[in-house]
Structures are given as structure tokens and as C-alpha cells.
Amino acid sequence: MNERDAKFAEIARVLREHNKFAVLSHVRPDGDALGSTLALTLSLKELGKEVKAWNEDGMLEKYNFLAKAELLTTPPSSPEDFDVGIALDTAVQNRLGTTLAAVRSAKLWINIDHHPSNPRYGDLVYIDPTAPATGQILYEFLKNQKFPITPAIAENLYAAISTDTGSFQYPNTTMRTFQIAAELVECGVDVGRVSQLLYESFPRRRIELLRELLGTMHFACDGKLAWFSLSQTAAVALGVLPEDNEGLIDHLRAIRGVVVAIFFEELTDGKVRVSMRSKDEAVDVCAICKEFGGGGHILAAGARVAGALSEVEKKIVEKACAAIERNT
Ligand code: 5GP
Ligand code: MN
């Protein structure tokens, strides 16, 4: 048995031998975090287990269509005891946010993720940085260990993988990703329906946000660096929800010649959320974000940086320019 299958078997044994589970994922969740959480929750429930699916932000409006979305909630204010806590798609433990405190005790913690910066917290750890989505790892796990994969589970896994690969376009998309997608379609996923709900059902608010952001667009480094920013004032005026942001940075990345794209978002706590994308493996945006206490992947990373919006912009733009000039 190879190393992966041995680890999968170990995790499967723990899941089969226990009864009460908390399935958690990172704050400001994306499609991979929410889809993965629901998929594993549903599979465990099929086995008759008691499962809580919690995220600090609860189910986002835009992912409400996911099968059994109602199972995923914000954590309760009074903590509960569990046999096993499971962190999915969460690069550092504190990104579990308030869900962590809602688990008063767990005999064991499982950590399943695809972030290379994951420091391997927990008792049973499976990190595959080559996987484009935690949803892909979960599919491999469920299939390999003969756990249930119902049509509802398949839809959640498909949404997780589709969103984390930018609809099967990012370079992390492999032959295996397409094979898995095909198998998920075989399990009952309606690709047209899910894709329309994922990519053609945005609230008008999100496009108005895009208009605002494009008004702040700047370029540097011979057009290799592009960024835009959202101030608190603009966010309030537009009535923006945090989830409206996901994917907007792709408009910058999609520009010919751009190597690094940055999205700055002024938060209410005196910090700025920095979101970075690179189109060139030689320019590692995770390394830049790590310098500011963040993390992620080589081509997609983020950090929360203390300071005024304009100060943080200046600092990060300088670092990004230096990295581009050093490596391209
Ligand atoms: P996004 O820009 O979409 O928020 O995040 C891109 C990637 O960077 C994701 O994989 C996410 O997990 C990671 N990331 C974003 N913000 C942070 C952060 O503040 N800390 C860490 N460690 N990773 C982050
Ligand atoms: Mn992910």
C-alpha cells in the first residue's frame, strides 16, 4: 500500500470507529471550503454518524443552492464535546475562527488540506499540495475507502473542485482533476445547472463593486503588476458583502502582460486584507504574503496587514515589484 492509501486507511478507521464529528473549514470560506465541508458531512451522515458542519461565516448566500446547504451553520455560542474534530481546507488552525472555540473537546483532530504552507497541526494529517482543491482530496479519500458518494455529495465535491480550479483553468488542474470531474458527472452532477448557479447568478451588487474597483485600478512594473482597492467607505456605500469579492481579482489576472494581481480591501479592524495572484511560478506570492503573516499557495495567497489602506498598498506594491524584477 502506498503512503497515501495508508494514511487514507488510518483516517477512515478513525472515522468509522467514532460517532460524533465536527467538520470545520476556514473563515471567509470559498466554494472549496463549503463544498468540502458538506461533502464529508453528508458521507459521514450516510454512515449513521452524528455530524455538525460549522463555519464562522455560516453558509454564504451564493452557495445556498448546494445540495443540503442547510446542514452547514455558524457555530453555537455554547461549546460542544466531540469524538473527532476535522479541519478542511484550512492552512492555519486559527483560520477556523470561532468554530474552534465551539469544539470544547475532541479526542482527536484530523487536518485535510492542499495548502503547501499548512504546518500540519492536528493528530492525523493529510496534506497534498499538488491537489487543486481539498474537494479533490476528499473525492480520492471517499472513493478509495469506499465511503458513500451520493449525488448530493458529488455535487458538493464538483462545486469545490470547479471553484478552486477557476472552472478547470488554473495550472493546478490536472488530468486527474478531469477524470474526477467525469466520475462526479457519472454520480449525477448536472454540469450546466451547477455552473450557471456558480458563475451566472451573481447579484447586481457584485458587478457594481467591480465597477468601483476598476475605477481604482493601477499598474506598475511595466504592466506586470496590477492592483485595485476597496475602501470601507465604498464598501458601505455599495452594501458589499465579504462574499461578493471572490473571483474579482481574476479580472486583473486576465490582463495580458500582468504577472501579479493584487486586491486590497480595507477592513473594519484597522487591517487590510491583501489578496494576491501570480501567473508565473517564478514569482511566489505566498512568500510575499508570509512576510506579512499570511500564506496560501505559490500562485494564490493572502494576508491581513495592519495599517492604513494607502500605507499597506505602498508596502506590498514595493515588495511585489521587487519580486517581479528579481524573478522575471
Ligand atoms: P484569497 O485571496 O482567495 O482570499 O486567498 C488565496 C489563498 O491564500 C487561499 O488559499 C487562502 O487560504 C490563502 N490566504 C488568504 N488569506 C490568508 C491569510 O490571511 N493567511 C493565510 N495563512 N492564508 C491566507
Ligand atoms: Mn481550497
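The values are calculated or read from the model by the stated rules, or taken from the named source; none is laboratory data. All of these numbers come straight from a predicted model, not from anything done at the bench. Here Cβ is always computed from backbone atoms with ideal geometry, including for glycine, and neighbour counts include all displayed protein chains. Accessible surface is based on the protein model in full, side chains and every heavy atom, while ligands, DNA and RNA are left aside. Shrake-Rupley method; radii C 1.70, N 1.55, O 1.52, S 1.80 Å.
Summary table
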quantity	calculated
About the Cα centre, charge dipole magnitude for the chain (Lys/Arg +1, Asp/Glu -1 at Cβ), debye	140
Value of Rg to Rh for the chain (Rh from inverse mean 1/r over Cα pairs, i.e. Kirkwood)	0.96
Furthest towards positive pole of dipole, L210, T74, H115, structure part the chain, Cβ charges	H115
Packing rank of 76-86, 206-216, 147-157, where each peptide gets the mean count of other beta carbons within 10 Å, highest leading	147-157, 76-86, 206-216
C-alpha long axis of helix 309-327 to longest principal axis of the chain, angle in °	90
Potential lengthening between M217 and Q145 on full extension [0.36 nm per residue; Cα-Cα distance subtracted]	21.1 nm
Efficiency of FRET from Cβ geometry, Y121 and V27, R₀ 22 Å, rounded to 0.05	0.90
Nearest-0.05 FRET efficiency for A308 and F168, computed from C-beta distance (R0 45 Å)	0.70
Dipole magnitude of the range 265-324 about its Cα centre (Cβ charges: Lys, Arg +1; Asp, Glu -1), debye to nearest 20	60
The chain: angle of helix 134-144 to the longest principal axis, Cα-based, in degrees nearest 10	20
DSSP-assigned coil residues among GluC sites (Glu not before Pro) in the range 160-200, each with at most 12 further Cβ atoms within 10 Å	E200
FRET efficiency for E281 and R104, using Cβ-Cβ distance with R0 set to 30 Å, rounded to 0.05	0.10
Vicinal HN-Hα couplings computed from phi for the range 195-206 (Karplus, 6.51 cos²θ - 1.76 cosθ + 1.60; Hz; Gly/Pro x)	5, 5, 5, 7, 10, 10, 9, 6, x, 4, 3, 5
Whole-Å semi-axes of the ellipsoid equivalent to the range 1-56 (Cα gyration tensor, √5λ, descending)	22, 16, 9
Area projected by the alpha carbon convex hull of the range 47-181, averaged over all directions, nm²	8.5
Inter-label distance for R256 and D5, nm, one decimal - labels placed 7 Å from Cα along Cα-to-Cβ	4.9
Cα-projected label distance for R13 with Q93, points at 7 Å along beta-carbon direction, nm	2.4
Rounded percent of accessible protein surface that carbon and sulfur make up, the chain, 1.4 Å probe	51
Solvent-accessible area per residue for the range 270-328 (1.4 angstrom probe, square angstrom)	47
With all protein chains modelled, accessible area of D269 [1.4 Å, Å²]	90
Mean residue ellipticity (222 nm) of the chain, computed from DSSP H runs ≥ 4 via -39,500 (n - 2.57), nearest 500	-12000 deg cm²/dmol
Burial order of peptide ranges 246-256, 295-305 (average beta-carbon count within 10 Å, highest first)	295-305, 246-256
Among G295, N327, A235 the positive-end extreme of the charge dipole of the range 205-327 (Cβ point charges)	N327
